[in-house]
């Protein structure tokens, strides 16, 4: 059977979850779960040792089941196709510093609707704060998540100036662990 727009389901065109690991931080890029897929989503998060899930899109599901599994949910919503506002970026970095200081072996999941536009820019910002050049961060993410990062966000990342806000002390591993 051929896949035509009338019989193609949205989940068939969304990329699979992908894990990005660099230095002392791990991120899981996913699409947005629904009430129908939340159980599979939770299993995927547990498989990656996720302790925090960040929604950068509008909420469309209840968070209780995630919280019951020990997964915190944070809302850092911003408009699709746009760079994140500076307040959202600051909250993102604070969350990452806290999580990886408390649980260096954990992973932070981040999702927008499809996992292709808003989420990759957030992960790219984290990689840049950890010392990666913007071109390398974009290339690294695009190799793992095809179709990620639009031209407006690429221009934003090119102009972004990291301030080493995510460098952790306390002897955390600092070796690069590209997967």
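General remarks:
- Long-range neighbours under 6 Å by Cβ, at least six apart or interchain, first residue on the phi < 0 side of the Ramachandran plot and buried (at least 16 other Cβ atoms within 10 Å of the Cβ) within the range 127-155, second modelled with pLDDT under 85 and not in a loop (DSSP other than H, G, I, E, B): 144/18; 145/18; 148/142
- Residue in the range 93-111 that is surrounded by 20 or more Cβ atoms within 10 Å (Cβ to Cβ) and over 16 Å from the mean Cα position of the chain (by Cα) present: no
- Single unsatisfied condition, residue 123 versus (1) at pLDDT below 85; (2) crowded, with 16+ Cβ neighbours inside 10 Å: (1)
- Test for residue 145: is it closer than 29 Å to residue 42 by Cα, at pLDDT below 90 and over 15 Å from the mean Cα position of the chain (by Cα): no
- Just one of the numbered conditions (1) over 12 Å from the mean Cα position of the chain (by Cα); (2) in contact (Cβ under 8 Å) with a residue 60 or more places away in the chain is not true of residue 20: (1).
The values are calculated or read from the model by the stated rules, or taken from the named source; none is laboratory data. Small disclaimer: the values here were computed from a predicted structure and weren't measured. Cβ: placed from backbone, ideal geometry, glycine included. Neighbour counts: every protein chain shown.
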